[in-house]
Amino acid sequence: MPTRAAVALTLCALCTQATAQDEPVLAFHRPLMEQVVVTATREEKSRTELPESVAVLDREAIEQVMPGHPAELLNRLAGVHINNQGGEGHMTAIRQPLTTGGVYLFLEDGIPTRPTGFFNHNGLYEIDLTQADTIEVTRGPGSALYGSDAIGGIINSLTRPPGDEPERGLTLEAGEDDWYRALLSASGAINDRGRAGVRVNLTDNRGFREAGDYSRASLTARWDQDWSATLTGKTVLAFSTIDQSGVSGLGVADYRNDPEKNLYHGDIGFREVRALRLSSELAWEPSDRELWTLTGFVRDNRMELMPFWMLSYDPNRYTTEFTTLGLMAKHRRTLGDGAVEWISGLDLDYTPSSYREERILPARVGDIYTDYRTSGRINYDFDADQLTASPYSQLEWLATERLRLTAGVRYDHFRIDYQDNLDPSVAEVGVFAPLPFPARHYRPQDQRVTFSQWSPKLGLVYDLSDDHNLYANYRHAFRAATAGQLFRSGAVPDTTALEPVTAVSRELGLRGQLAPWLGYDLALYQMTVEDDIVNLISDGTRKTLNAGETRHRGIELSLNARWAERWSAALAFSHSRQDYRDFSYICGAATCNFAGNDLPRAPRNLGNATLAYGAPDDPWGLELEWEYLGSYYTDELNSQEYGGHGLVNLRGHRRLTEGVEVYARLRNLTDRTHATYVSNQVGVADLEYRPGQPRTLTVGVRVGF
């Protein structure tokens, strides 16, 4: 296993001279105006034609970073912060606070990885981001082509298309804390018009926290076929299994003096995931003015976990399963003289699901949970079968040579058939071991729940010149209540009347080239989230309903520079202010309203800066990165604050021969003590810290055949 003492030797080896004709993998910064984006319209489109803020990480950037966690890659983008919750666990903050709420849409090749109502804030670990071809991040609500959850942003991972020439690759990594990873790939032509590829990711990590093991095994296979000159097909199979141990927060004394301590041992707080996705797309282009796309897909997902945040008041473990049959149909047509483009489509999604929750009896020695056993009591056992139908239409009009207008609308209709599988004799309220106080597990009656949502979208793009591009948009977005919020009522007698949470976003942006060697992207936004789901006490009864309102405002700036053959740099910075307009919260036996307070866990400033040395004809390269997380309040009362932190990371590579390259990444170069998440309950002064990684070295070798 590598040690920290090996850092100097490793990086010096990377800088050793090699043959001049070898090409490095170092990702050089491409002009922002030249980028092509797929997410907005589900087909390639120049970034300069889109009235939205979108950032692109291409294959070179991904291979340069070789992320062991999604945060290592995505935090390079302005306004984007992913934290590390252990293993590949995470929470996301894009124009929203760090949250577990379903305000983000995770896609693979434009297809949501999970159905509406089944959001998982750790969902990026179900995608092999390390071997993606491109990752696109839309900040703020998406276009009319996307529905629920696309409020804070969209993260779309695009799989690598296989080429005609045979390619085989093997990457092996080893690092501190028993980090081991193997990446395997093979692709090439399978017939005159067909190409196929497969990629495997095997990762195992002990983690720097006690009993914080993590492992994953994933496979992504893709088959592209040109059936004729006008008809093409793409089939993608993605399968992953994730096994993650629970890791706890710590009090301030342990955080400072014993950050490796973990209060969860013996499978406490575990999470086991099995995720399968299969999609097949047919694209028919009868002329250069028309395109028909039909994509069928299947999802099959099973997740078993123990919610560690409930150990003290309602200890349980639960299993949720769903299987999806889906269809996405899209038609794009160019009208008249080519100035108008019309996209219309229909998304259908049928997802039968089940949820089963069992009460457990945890064992604890001192402050450490060591084990658990089942109690025999089933709290919940229900089925919820969801059908979603979502037509949409979007028009884009090139009004003048410089002005492009966009208008779209989407309609989402949901129908959920709910069935309680427990016998009515199973008590909903009672004193259940091991806790001496009453527990409440209210269950709705069998029923059908329906709700609908319209989402209008408007935008414009104006070319100020060949080098500067102005855009603006107005977008309405929403997120549907999750199946858990609707049917796992907990202490609330009935939650099935919850309506979608809505958001209205306004954005103004400017992007372009300040000089041939300097590109920029600037965005200003304001978003109001209404009908948020709040908990309150009214007439002595606990209720959950739509009543909250929050406001989110900010500015995001990206700069990319290459001022010499071997020197390049990038800067990403954002500043935001997020506050409560009206929001209720249960405070003991009463209800508080936090109107006027800042949202907790909402960093005011985010920053990332990189400085890279290397050129296409050099066999080696280095990159120095500074990553900054600003301060934020830790609770809804704004009673305490985390001051933030800055981390320095170092990466380098050296090509040994035509097909062999070694590389290293050194996280947290200065060994800075920091927390990835800090919070406290309202009325509780003690803060809980999630310790971040200390200085950590990982080395790897990449071989191409």
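Between ARG577 and SER46, the distance separating the two model label sites (each 7 Å from Cα on the Cα→Cβ line) works out to 3.7 nm. Per residue, the average separation of C-alpha pairs within less than 8 Å and at least 6 apart gives the stretch 557-705 a relative contact order of 17 percent.
Along its three principal directions, the equivalent ellipsoid of the stretch 4-704 from the Cα gyration tensor extends over semi-axes of 38, 32, 26 Å, largest first. In terms of surrounding Cβ atoms within a 10 Å radius of their Cβ, GLU49, GLU304, GLU357 rank from fewest to most as GLU304, GLU49, GLU357.
Here the extension length gained between VAL660 and ALA595 equals 17.6 nm, from 0.36 nm per residue of separation less the Cα-Cα distance. For LYS234, the aspartates and glutamates whose Cα comes closer than 12 Å to its Cα, not counting residues fewer than 8 places off in the same chain, are ASP109, ASP224, ASP226, GLU281. Pull out a ≥ b ≥ c, the square roots of the eigenvalues of the alpha-carbon gyration tensor of the stretch 399-444, then state rounded if a/c is under 1.5, prolate if not and a/b is larger than b/c, and oblate in the remaining case. Prolate, since a/c reaches 1.5 and a/b exceeds b/c. Shown in residue order for the stretch 104-118 are the 3J(HN,Hα) couplings computed by the Karplus curve 6.51 cos²θ - 1.76 cosθ + 1.60 at θ = phi - 60°: 10, 10, 9, 10, 10, 6, x, 9, x, 6, 9, x, 4, x, 10 Hz (x for Gly and Pro).
Our estimate of slack between SER631 and PHE239, defined as 0.36 nm per intervening residue step minus the Cα-Cα distance, is 137.3 nm. Phi angles across the stretch 254-261 convert, under the Karplus curve 6.51 cos²θ - 1.76 cosθ + 1.60 with θ = phi - 60°, into 3J(HN,Hα) values of 5, 4, 7, 10, 9, x, 7, 4 Hz, Gly and Pro given as x. Kirkwood radius for the stretch 411-469, taken over all pairs of different Cα atoms as the inverse mean of 1/r, rounds to 17.2 Å. Please find the FRET efficiency linking ARG672 to THR100, where r is the Cβ-Cβ separation and R0 is fixed at 22 Å, and quote it to the nearest 0.05. In this case the efficiency is close to 0.25. Counted residue by residue at 0.36 nm each, then reduced by the alpha carbon distance between them, the extension gain from TRP342 to ASN191 reaches 50.8 nm.
Amide hydrogen proximity for ASN597: with H placed 1.01 Å from N in the peptide plane, the residues at 5 or more positions away or on another chain lying under 5 Å are TYR580.
With the Cα gyration tensor of the stretch 104-214 giving a ≥ b ≥ c as the square roots of its eigenvalues, does the rule (a/c under 1.5 for rounded; else a/b larger than b/c for prolate; else oblate) give rounded, prolate or oblate? Since a/c reaches 1.5 but b/c is at least a/b, the shape of the stretch 104-214 is classed as oblate. For the stretch 602-619, 3J(HN,Hα) computed residue by residue from phi via the Karplus equation (6.51, -1.76, 1.60; θ = phi - 60°) reads 10, x, 6, 10, 10, x, 8, 9, 10, 10, 10, 10, x, 9, x, 9, 9, x Hz, glycine and proline entered as x. Applying both filters, DSSP loop and at most 11 other Cβ atoms within 10 Å, to the GluC sites (Glu not before Pro) of the stretch 583-686 gives GLU658. Spherically averaged projected area of the convex hull of Cα atoms, the stretch 303-366: 8.1 nm². Label-to-label distance, ASP371 versus ASN421, with points set 7 angstrom from Cα along the beta-carbon direction: 2.9 nm.
Model label sites at ARG289 and THR450, defined 7 Å from Cα along the beta-carbon direction, differ in position by 4.0 nm.
Based on C-alpha pairs under 8 angstrom that are at least 6 apart in sequence, the chain has a relative contact order of 13 percent.
Quick note: the coordinates plus some simple rules give every number you see, no bench work behind them. What you see is a predicted model; the values in this text were computed from it and never measured. Ideal geometry is used to build each Cβ from the backbone, glycine not excepted, and the neighbour counts take in all protein chains shown.
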